[in-house]
Amino acid sequence: MTEAVLDKSGLSPENPGRWLDGGYERLLAMSWRDCLDVQLRIIRCRFEELVPQVAALDKLAKREGITKIDSFEDALPLFFDHRVYKSYPLSLIETRDFPKLTGWLNRLTTHDLTTMDLSGLTMIDDWISRLDDFGMFIGHSTGTTGKLSFIPRSKTELHAFRNCHNEASRASSGVDPTKEFIETFFPSYRYGHQMALKMVSTFNIPAAGGEAHYHTLYQGRLSADFMSLAGRMQSAEDRGELQKLGLDPALLKAREEMIAQARRRDQDVAAFFDTLFEEFRGQRVKIGGTFGDLITTARNGIAKGIKPEFAAGSFIATGGGMKGLKDPPPDWENFVKDFFGIETVSMVYGMSEGCGFAPRCRNGQFHTMPHTVPFLFDRDMKLLPREGQQTGRYAFFDLQAETYWGGFISGDQVTIDWDEQCGCGWKGPTVGPVITRFAEMEGGDDKISCAGTAQAYNDFMDFVSQG
């Protein structure tokens, strides 16, 4: 069986987390159609391995009546959607009931978390740190919907996750972050368990050459505790009942400081970049930030008559959208490039729930690599044909997920071109540049349904969400 697979794709089914060890070039030279056999074989093996160990997957498989996987279609009803990773009762956060919160997470991973020492825990940040010390690598979402998602990744996936990050960055920017260390600027926090910040400390600071070469707007930690309660606190404050919540005084003080910080952020960002423009003039740099950050900085700089001058080989690494900026320039990317005097803008497409990243090519398309198996659903959650150009809800199976289930349905609407005709020369299904959140299109509520039987999925969600 293995020899037959290797004859076609050359990829070993034994360890997809090592596929990038030889670099991205080989993977982006492969047609996705040549990888179907090895991909299906890995999904089948993951199912057989994880069902006895991941209680949530076992529950859903039984409810859907699925005992084996012979095709990609067999696996789709078992894909988790983005609600699963925040399905815990909010009361567990409010009461700091870490035993029950750990029990909830334990249903999503092969790691036995029941033996972890929970004594002395009072903060979510400390709970996540304790999990990390136990062998996990937990990252949470931004919690913009009022509830944090916790991704049950572990250090088992860390090698693959790091390789995906570094190789996608190299493919998109042309700079090898493991060999070419560049002074880096990132207008955000330095530390935190939010996944993007966790990647800063784990991947990006080493890529800059160490702590002294990675420059952030704020030097402190973005607290998971504050983020998880921000919405509830705002609601209580609006009712004049904030003090009735009985919150930790340290949390209330942190909130006051962050509100004041948010009010002066535009000025802080402007001062941050003004300083780097002078101190690092003529040097090679990497500049990070959201689209909105870069546009605002460019506008501020133009208004002040500032013109940055950086050395050749500098590049911008951006993502994250406009973040509230209402009036971006029609051709915002060239506007930013002209101001910074930097020609290369690096982007990748990925999300916290997957290890893989799709680098953007010179034609503006995001190319998925074989360790990520993409799918698209229509609004009725019917699988769209894997041919031509299709627009729908993005879902994927992450073959590198070994200690949690890799099937995931996102909240993104994207267009995928399956025909591999991109003029850049890379292969793989391509995700187009227009990526829209269903929640934004539907007034803040993503009305997602499952890919399988609704009653089975509802029973599964009831099971997972037990505290």
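Compute the distance from the alpha-carbon center of region 313-381 to that of region 171-198, in whole Å. A separation of 15 Å, based on Cα centres.
Ordering 449-460, 54-65 by mean Cβ neighbour count within 10 Å, with the highest value first, yields 54-65, 449-460. Ranking of GLU25, GLU279 by solvent-accessible surface, largest first: GLU279, GLU25 (1.4 Å probe, protein heavy atoms only, all chains present). Only protein heavy atoms count here; on that basis, with a 1.4 Å probe, GLU278 has an accessible area of about 120 Å². Where in region 341-380 does the label zone of ASP34 land, with the point 7 angstrom along Cα→C-beta and an amide N cut-off under 15 Å? What the label zone holds, given the 15 Å backbone N cut-off, is 369-371. Taking label points 7 Å from Cα along the Cα-to-Cβ direction, PHE72 and ASP112 give a separation of 3.7 nm.
To the nearest 0.05, how large is the calculated FRET efficiency for SER12 and LYS179 if R₀ is 30 Å and r is the Cβ-Cβ distance? Taking R0 as 30 Å, the efficiency between SER12 and LYS179 is 0.70.
For ALA317, the residues whose modelled amide H falls within less than 5 Å of its own, excluding neighbours fewer than 5 places apart on the same chain, are ILE287, GLY288, SER346. Bridging of LYS179 to aspartates and glutamates at a Cα separation below 15 Å is possible for ASP21, GLU167, once same-chain residues fewer than 8 apart are set aside. Summary value for region 309-467: 16 percent relative contact order, contacts being C-alpha pairs under 8 angstrom separated by 6+ residues. Backbone geometry of region 301-306 corresponds, through the Karplus equation with coefficients 6.51, -1.76 and 1.60 at θ = phi - 60°, to 3J(HN,Hα) couplings of x, 4, 5, 8, x, 8 Hz, x marking Gly and Pro. For region 355-438, pairs of C-alpha atoms spaced more than 21 angstrom apart make up 25 percent of the total. Note on THR344: accessible area approximately 50 square angstrom, rounded to 10, probe 1.4 Å, nucleic acids and ligands left out.
Amide H to amide H distances under 5 Å link HIS215 with THR184, PHE185, PHE186, where only residues 5 or more positions off or on other chains count and H is placed in the peptide plane.
When the C-alpha to C-alpha distance is required to be over 18 Å, the pairs from LYS86/LYS447; LYS155/LYS198; LYS382/LYS427; LYS286/LYS337; LYS382/LYS447 that qualify are LYS382/LYS427. Counting only DSSP H runs of at least 4 residues, each contributing -39500 (n - 2.57), and dividing by the residue count of the chain, the helix-based mean residue ellipticity at 222 nm comes to -11000 deg cm²/dmol. Each label point was placed 7 Å from the Cα along the Cα-to-Cβ direction; for ASN363 and ARG284 their separation is 2.9 nm. Structural descriptor for the chain: relative contact order 20 percent, calculated from alpha carbon pairs under 8 angstrom and at least 6 residues apart.
Work out, in µm²/s and without decimals, the Stokes-Einstein translational diffusion coefficient of region 44-126 at 37 °C, 0.692 mPa s, Rh from Kirkwood over C-alpha pairs. Estimated diffusion coefficient is 227 µm²/s. Taking 4.7 Å between beta carbons as the limit, the unpaired Cys residues of the chain are CYS35, CYS45, CYS164, CYS355, CYS422, CYS450.
The values are calculated or read from the model by the stated rules, or taken from the named source; none is laboratory data. From a predicted model like this one, the values you see are computed outputs, not experimental measurements. Counting neighbours? That spans all protein chains shown, and the Cβs are built from the backbone with ideal geometry, glycine included. All accessible areas refer to the heavy atoms of the entire protein, side chains included, with ligands and DNA or RNA removed. Shrake-Rupley method; radii C 1.70, N 1.55, O 1.52, S 1.80 Å.
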